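The values are calculated or read from the model by the stated rules, or taken from the named source; none is laboratory data. Since we're looking at a predicted model, the values are computed, not measured. Glycine also receives a Cβ, built like all others from the backbone with ideal geometry; neighbour counts cover every protein chain displayed. Just so you know, the surface numbers come from the protein's heavy atoms only, side chains and all, with ligands and any DNA or RNA stripped out. Shrake-Rupley method; radii C 1.70, N 1.55, O 1.52, S 1.80 Å.
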Amino acid sequence: MDTPDLFTRCLGYLPALLDGALNTLWVAGVGVGCGFLAGILLHRLLSSTNPWFSRPARVYVSIIRGTPVLVQLLVCFYLPSALGVEVPGLLAATIGLSLNSAAYQSQILGAGFAAIPRGQIEAARTFNLSRSQTLWHVEVPQVLALTLPALVSEMIDVVKASAVVSVISVTDLMRVGQQLSSSTYRPLEVYSMAALCYLALTSLLSLAAWVCQRRLARR
Amino acid sequence: EDLLAKVKAGKQITVATEARYAPFEYVEGGKIVGYDVDLLQYVMAGALPGVKNKTLDLPFQGLLPGLDAKRFDMIIAAVTANRERVSKFAFTLPIAEATIGVLTRADSAGSIKAPADLNGKVAGAQIGSVQTDALKALDKKLKEAGGAGLKEIKEYVAYDEAYADLATGRLDAVAQSLSNLGPLMKSRPGVFAVLPQTIGPKSYFAWVARKDADSAALVKAMNEGIARANKDGTMKKLQMKWFGMSMDLPVDALPEPSM
Amino acid sequence: MSTLPILKLRAVGKSYGENRVLKGIDLDVMRGEIVTLIGPSGSGKTTALRCMNFLEAYDEGEIWIKGQLLGYSTGEQGRRTRDSEAAIAEVRRPVAMVFQQFNLWPHMSVLANVAAPLILARRMAKDEARRKALAALERVGMAHKAEAYPARLSGGQQQRVGIARALAVEPELMLLDEPTSALDPELVEEVQGVIRSLAQDGMTMVMVTHEMGFAAKISNRVVFMEGGLVVESGPPGELFGHSRTPRLQQFLKPWLERSLAP
Amino acid sequence: MSTLPILKLRAVGKSYGENRVLKGIDLDVMRGEIVTLIGPSGSGKTTALRCMNFLEAYDEGEIWIKGQLLGYSTGEQGRRTRDSEAAIAEVRRPVAMVFQQFNLWPHMSVLANVAAPLILARRMAKDEARRKALAALERVGMAHKAEAYPARLSGGQQQRVGIARALAVEPELMLLDEPTSALDPELVEEVQGVIRSLAQDGMTMVMVTHEMGFAAKISNRVVFMEGGLVVESGPPGELFGHSRTPRLQQFLKPWLERSLAP
Amino acid sequence: MQEFLELLPRFAVAALLTLELSLAGAALGLAGGFLLHLFRLGGGRVFALGCGVYVWLLRGTPFLSQLFIVYFGLPVLGLRLSAPEATVVSLAFYSAAYFSEIFRAGWAAIPRGQIEAAHAFGMTSRARFCHIELPQALAFALPLLANQLILVIKESAVASIITVPELTMTTSNIIASTYSYVMPYALLIAGYWLLTQSVAWLAQQAARRIPFLRTPS
Ligand SMILES: Nc1ncnc2c1ncn2[C@@H]1O[C@H](COP(=O)(O)OP(=O)(O)OP(=O)(O)O)[C@@H](O)[C@H]1O
Ligand SMILES: Nc1ncnc2c1ncn2[C@@H]1O[C@H](COP(=O)(O)OP(=O)(O)OP(=O)(O)O)[C@@H](O)[C@H]1O
Ligand SMILES: [Mg+2]
Ligand SMILES: [Mg+2]
């Protein structure tokens, strides 16, 4: 059996890795997206004056930030089945990452919400905008612009955190790397290639954010 | 209505595997392939005609707990039958021999020629695997024989890292089933060597289901399929294809594990 | 001028915790009138103005806008309950507000700022809202900046947009809280000009200001507040020329001195 | 009064890229003199003031402090090279600055804020520095807040600390950039009072301000700038009463009108 | 209960190892991040670009890949680290990228005017750095630093793949040998939670000690 040279070998890993990258992108993308919406909700709960809302929210954030993602994913995967509900791995992974990211994003977005001058909200009230109109038309666009750099970091972190979703049977980029390394017995090469794929993904995100920031800055 | 009936009615069986265990199951060209996959296909064609199988790929540590939690119906992977596992789970008939060999580095072939030469050396295997238990037994044997015993037994999450550590010299030996070692030797020629002696008693790989009334019929159906494959020579053919050798396996029952 | 006051305050009180900031304010504002509130810092001017709009919930007395009680409904045994946001919005509809810090929404263009209340709160069609917004901007001389973003404007221009935003909803009463005090001295004039021209057009206004000269010239009535109470009120000539209370005289002294300096 | 000007500007120019912000400023400030710079927004007042301190590097002309050229050394063929930080610090030693936004260091107590320049830049012993700092705080009536942190103080109090910090280094010349314009109207008076008392004690000052009345009362000389040039300068009575240039007349008009209003 | 008592000592040992690994990694990373930041502040364009590339590479790739490169790649160059050593080194390189970004944010948060005031009063650049910039930037960055430390603790779980017997590895071990996973996972969660919450608590206490942070500005 002849061994192709390093370069050809690495090139050969690419198609499978890209397949995995697609899954990673999906899980992380949807995770961040849902996490954003849930993060807004969580922030509302956190800043509620009613302790029945704010206290559970605080506990939630503390638990999520205090435990490994791996454990959170396992809970999302195994808990429903213990209760008799079948949740496919991909869905469980997406839900798990959303719930995880929501906790972090609630903190990031919280900083953004806090930075919006009170007066702007009051202006919305005097002009009779409803609460949800104020949230979506006045606050959220600004919060997005204000916290974009931190949100991008969070997105990058979720992409990387998603590397553990393989434990619940999602064939993500990292899992493809593991599979390749076990059929080729060359972990160093394969993981270096996988690292490059992650780098490409995260750079893509940074680039997109940079473009957004540019747009916003033109105002 | 038991599990077998449900599977037949739903035309789908969900099985789990760890596709990092060549040549039993691993990924090539984006698909899980290997000895188990081929064998399952043959067994299902006979036992469960028309049923499709859905395969989940999980890390080894997730397999038995996942089965217990009813995340899937069966484990179709090379699981070594040991005493503790057999007491908790239902194993099928053996699908391959799991007798353990010792992998060393090619450049240490001069100094390590037999298991007895492992005194003072570092050896590794997968966490919670029978191979780890075999290493522990070896350690005990070496010490009883008056030797220093193994210097350390390192436990890995998966075998790939153990092979890599052996290659970089952090390990001196890896305990692994002979069935797995053949293909490894073929794809990284000149890097590794296999000791001629095996360690531990003869043991077997089998598939696993839950040990409850619900699963009993399913296990029986699978066993019938495996027995047929054994008798009509299909199994030998597949073994030649994947391991490069064939082995004689008991047809009627899984022998009582000795470990 | 109708005889029904457009805004009526009766014994309005407001406390922040222990601190009783408003201690019973009475005020009638007739259609077309311009009332300015003056007084030392902390006397409750801003609080009073914010109550007129229910931006702050008052907790004693009553505020009526065009004959409707603002913010509360009176139940059977005379106990009152707070209205829903929607009901409050309905009563506050004829009132618009201009803020000291402008409070424009920085992520919207000038035109969008002015059109947003029309589209979102009044559910006007987008085209019509834009047309109206543009007309309001025209009115304050800011139509040429319709596409700009607030951050690009000078303070005076921002405040003119703030006024346009208030104008666009076609209010019957405008509340202005120190509309010029966040501006560089150079820019005060341009905003005061706009307010003066609104006054000439007959807009009803209640304004808090520290600019005595401006208050004197523009208002029909000046209200001097101190410690949460109205101490003196009357036409500007009377109040500035012959203040009856020593407290008002003392308050006006530095200003009188400064204006006669050069 | 000595005849050597403590600060001398000759044809000072400064550009930001293409934009020539100062176009040749001449100015002599004698010991004990109080000079105010007035002019419309963007005329270069702040830039001029910052150049006098080399916070901004000027790029044409010369600035002399007590006879020493600020910021540059002239080499053999008349080409000048920029001085080191240390050399600049030496020349700027007699000059202290008071900022519009106070610029107190929020992580230090009031006392530490005032003492820090003495300890860190003048290498004074800590005890002595504290004593001096306390004396300066006493001077502006802030000694009782010595242990407080800036965030706890009102704007007027913060600015008084800013002045104390400048006083503590015993400057021979103080530069003040709109020292009261970041303050609420009510607080302006307390800071102006401190500045007035410094003036009575004979402190030399150059101040940018928008408060014409204050400028008129306090200064020996008023300098009107526009478009990076000095348009007119002279004693306040002359400048405010009988401005020669139409531009200055136009600039002063709104203020004159406002002050004569009631 | 019986199970709990049996497992507790093993988990205590494992948690201690997790703490040691992540503290050592974070301490080195903190120092490295600070150095990177200093280069970026004072080293001109080439350094700034170099630091930027470093941050991009280390922040953009999963920690697992970096650990593999240190653990399996360095031996190719003749440097063979033990698994815990490799973990600490990788954590240090990895977190240095994050820490340097945090320092950057801290410095960016200092208002320009304050630095100008220091200039105007003739402070040397060292006095300025030590007495004006550093305390404020650190105070600003304190919560971010704590956050990052928490992330490092959690990231150290990856070391289980190269046989470091820390919390995650210990849990896997126990599960693989007992097939009971409720109690081990409960202890795992409790372990990480305790570690991270104590970091958060310490940071909070530290923030309380800083007098000028006590006032909402
Ligand atoms: N949200 C609040 N919570 C607690 N106290 C408040 C609040 N808003 C205002 N106050 C207090 O109410 C009093 C009146 O404040 P208000 O802002 O109405 O005065 P003002 O006359 O507008 O003063 P200024 O001229 O400084 O704007 C002050 O003592 C102030 O401290
Ligand atoms: N750092 C800078 N970079 C570029 N341009 C600047 C900078 N600082 C000031 N300018 C420009 O220089 C000109 C003069 O500014 P300067 O701040 O000196 O004016 P000013 O007279 O102090 O105005 P104001 O009364 O508004 O404070 C303005 O056109 C301004 O845009
Ligand atoms: Mg007010
Ligand atoms: Mg200026």
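Note on B:GLN41/E:THR178: beta-carbon distance plugged into 1/(1 + (r/R0)^6) with R0 of 35 Å gives a FRET efficiency of 0.55. Remark: relative contact order (chain A) = 31 percent; criterion is Cα-Cα distance under 8 angstrom and separation of 6 or more residues. For the stretch D:1-77, the list of GluC sites (Glu not before Pro) that fall in a loop by DSSP and count at most 13 other C-beta atoms within 10 angstrom reads D:GLU18, D:GLU76.
Average partner chain C-beta neighbours within 10 Å, per residue of D:115-125? Don't jump to the answer; show the numbers that get you there.
Numbers: counts 0, 7, 7, 1, 3, 11, 8, 3, 2, 0, 0.
What the average comes to for D:115-125 is 4.
Where the centroid of each part is defined by its Cα atoms, how far is the stretch E:4-75 from the stretch A:68-118 in Å? Each part's Cα centre sits 25 Å from the other's.
Rounded to whole numbers, the Karplus 3J(HN,Hα) couplings from phi for the stretch C:49-62 are 4, 5, 5, 4, 10, 6, 5, 10, 7, 6, 10, 9, x, 9 Hz, using 6.51 cos²θ - 1.76 cosθ + 1.60 with θ = phi - 60°, and x at Gly and Pro. Please list, or write none, the lysines whose alpha carbon is within less than 28 Å of the alpha carbon of C:LYS23, excluding same-chain residues fewer than 8 places away. Once the sequence-local lysines are set aside, what remains near C:LYS23 is C:LYS8, C:LYS14, C:LYS45, C:LYS66, C:LYS253. Counts of other chain beta carbons within 10 angstrom of each beta carbon in peptide A:83-96 average 1.
Please give the net charge around C:VAL140, taking every other residue with its beta carbon less than 11 angstrom from that of C:VAL140, where Lys and Arg add +1 and Asp and Glu add -1. Intermediate results must be reported in sequence, preceding the final value.
Details: positive: C:ARG139, C:LYS145, C:ARG160, C:ARG165; negative: C:GLU138, C:GLU190.
Its environment carries a net charge of +2.
Between C:HIS144 and B:ASN119, the modelled labels are 10.0 nm apart [label points 7 Å from Cα along Cα→Cβ].
Quick check on the protein assembly as shown: what are the equivalent-ellipsoid semi-axes from the Cα gyration tensor, as sqrt(5λ), descending, whole Å?
On the way: eigenvalues 1129, 300, 123 Å².
Calculated on Cα positions only, the semi-axes equal 75, 39, 25 Å.
What FRET efficiency, computed as 1/(1 + (r/R0)^6) with R0 = 60 Å and r the Cβ-Cβ distance, is obtained for A:ARG58 and D:GLU62, rounded to the nearest 0.05? The value I calculate is 0.45. Size estimate for the stretch A:91-138 follows the Kirkwood approach: the inverse of mean 1/r over distinct Cα pairs works out to 12.6 Å.
Share of chain E's accessible area from carbon and sulfur, percent, 1.4 Å?
Details: 6900 of 9690 Å².
Answer for chain E is 71 percent, counting heavy atoms of protein chains only.
Kirkwood-based Rg over Rh for the stretch A:6-218 (C-alpha set), two decimals?
Values: Rg = 19.9 Å, Rh = 18.9 Å.
That ratio equals 1.05.
Here's the picture: charge each Lys and Arg Cβ at +1 and each Asp and Glu Cβ at -1 in the stretch E:2-213, and of E:ALA83, E:VAL53, E:TYR71 the one pushed furthest to the positive end of that dipole is E:VAL53.
First obtain the Kirkwood hydrodynamic radius of the stretch B:1-75 from its Cα pairs, then insert it into the Stokes-Einstein equation at 37 °C and 0.692 mPa s, and state the resulting D in µm² per second as a whole number. Roughly 254 µm²/s, to the nearest whole number. If you take the alpha carbon atoms of the stretch A:34-119 and fit the smallest convex hull around them, that volume is 95 Å³ per residue. Computed from backbone phi with θ = phi - 60° and the Karplus coefficients 6.51, -1.76 and 1.60, the 3J(HN,Hα) list for the stretch B:203-214 is 9, 10, 8, 8, 8, 10, 10, 6, 9, 9, 4, 4 Hz; x is used for glycine and proline.
Counted over the stretch E:2-213 with a bin width of 5 Å, the fraction of Cα pairs per bin, in whole percents, is 1, 7, 13, 15, 16, 14, 11, 9, 6, 4, 2, 1, 1, 0, 0. Maximal additional length on extending the B:GLU224-B:ALA69 stretch stands at 53.2 nm, based on 0.36 nm per residue less the C-alpha distance. Label point of C:GLU60 (7 Å along Cα→beta-carbon): distances to the other copies' equivalent points are 6.8 nm, sorted ascending. Rolling a 1.4 Å probe across the protein heavy atoms gives the protein assembly as shown an accessible surface of 42 Å² per residue. Each peptide among E:25-36, C:144-155 gets the average number of other Cβ atoms lying within 10 Å of its residues, and from highest to lowest they stand as E:25-36, C:144-155.
For a paramagnetic label modelled on C:LEU229 (point 7 Å from Cα along Cα→Cβ), amide N atoms under 20 Å away belong, within the stretch C:29-65, to C:37-49, C:59-62. Per-residue shielding of B:161-169, expressed as the average number of other chain Cβ atoms within 10 Å of the residue Cβ, stands at 6. With K and R counted +1 and D and E -1, the other residues having a Cβ less than 14 Å from that of C:SER233 yield a net charge of -2. Once the mean of 1/r is taken over each pair of separate Cα atoms and inverted, the stretch A:133-219 shows a Kirkwood hydrodynamic radius of 15.2 Å.
Looking at the square roots a ≥ b ≥ c of the eigenvalues of the Cα gyration tensor of chain D, which shape do they give, rounded for a/c under 1.5, prolate if a/b is larger than b/c, or oblate? It is oblate, given that a/c is not under 1.5 and a/b is not larger than b/c. Of the cross-linked pairs B:LYS52/B:LYS88; B:LYS8/B:LYS231; B:LYS88/B:LYS236; B:LYS8/B:LYS54; B:LYS211/B:LYS241, those separated by over 20 Å at the C-alpha level are B:LYS52/B:LYS88; B:LYS8/B:LYS231; B:LYS88/B:LYS236; B:LYS211/B:LYS241.
All other residues with a Cβ under 12 Å from the Cβ of B:ILE32 taken together, and with Lys, Arg as +1 and Asp, Glu as -1, what is their net charge? Please list the in-between numbers first.
Working: positive: A:ARG175, B:ARG20, B:LYS31, B:LYS54; negative: B:GLU18, B:GLU25, B:GLU28, B:ASP36, B:ASP38, B:ASP57.
For residues surrounding B:ILE32, the net value is -2.
Please state the shape class of the stretch C:188-252: rounded when a/c is under 1.5, otherwise prolate if a/b exceeds b/c and oblate if not, all from the C-alpha gyration tensor. Prolate, since a/c reaches 1.5 and a/b exceeds b/c. For the stretch C:59-135, the alpha carbon convex hull comes to 137 Å³ per residue, rounded to a whole number. For B:LYS136 and B:ALA253, the FRET efficiency from 1/(1 + (r/R0)^6), where r spans their Cβ atoms and R0 equals 22 Å, is about 0.20. For D:VAL98, the amide hydrogen comes within under 5 Å of the amide hydrogens of D:LEU175, D:LEU176, D:ASP177, counting only partners 5 or more places away or on other chains and with H modelled in the peptide plane.
Most fluctuating residue of C:VAL95, C:VAL188, C:VAL208 in a GNM of chain C with Cα springs under 10 Å: which is it? Comparing C:VAL95, C:VAL188, C:VAL208 in the GNM, the peak value goes to C:VAL188.
Kindly work out what percent of the DSSP beta bridges joining two residues of the protein assembly as shown are antiparallel, to the nearest 5.
Working: 71 of 118 bridges.
Of those bridges, close to 60 percent are antiparallel.
For D:THR3, the point set 7 Å out from Cα toward Cβ sits 8.3 nm from its twins in the other copies, listed from shortest up.
With respect to chain E, whose longest principal axis is taken over its alpha-carbon atoms, helix E:182-209 is tilted by about 20°.
In the stretch E:176-194, whose amide N lies under 17 Å from the spot 7 Å out along Cα-to-Cβ of E:GLN2? List them in ranges. Of the residues in the stretch E:176-194, E:178-184 have backbone N under 17 Å from the label point off E:GLN2. Placing unit charges on the Cβ atoms only, positive for Lys and Arg and negative for Asp and Glu, gives the stretch A:6-218 a dipole magnitude near 500 debye about its Cα centre.
Which helices of chain A meet both criteria: a Cα extent of 18 Å or more along the helical axis and a mean Kyte-Doolittle score no lower than -0.5, with helices taken as whole DSSP H segments?
Values: long enough: A:6-46 (54 Å, 1.30); A:51-66 (22 Å, 0.07); A:69-82 (19 Å, 1.98); A:89-115 (38 Å, 1.00); A:140-161 (27 Å, 1.31); A:187-217 (44 Å, 1.04).
Span-like helices in chain A: A:6-46, A:51-66, A:69-82, A:89-115, A:140-161, A:187-217.
Kindly identify the stretch E:115-192 as rounded, prolate or oblate by the Cα gyration tensor criterion: order the square roots of the eigenvalues as a ≥ b ≥ c, call it rounded if a/c is under 1.5, otherwise compare a/b with b/c, prolate if a/b is larger, else oblate. Prolate, since a/c reaches 1.5 and a/b exceeds b/c. With its label point defined 7 Å out from Cα along the Cα-to-Cβ axis, C:GLY202 lies at 6.7 nm from the matching points of the other copies, in increasing order. What residue among C:GLY75, E:LEU35, D:ALA168 has its Cα farthest toward the positive end of the dipole of the protein assembly as shown, where the charges are +1 on Lys, Arg and -1 on Asp, Glu, each on the Cβ? After comparing all options, I get D:ALA168. Projecting label points 7 angstrom from Cα along Cα→Cβ for D:ASP201 and D:ASP26 puts them 3.5 nm apart. Take the accessible area of chain E alone and of chain B alone, subtract that of the pair, and you get about 1800 Å² summed over both chains, using a 1.4 Å probe.
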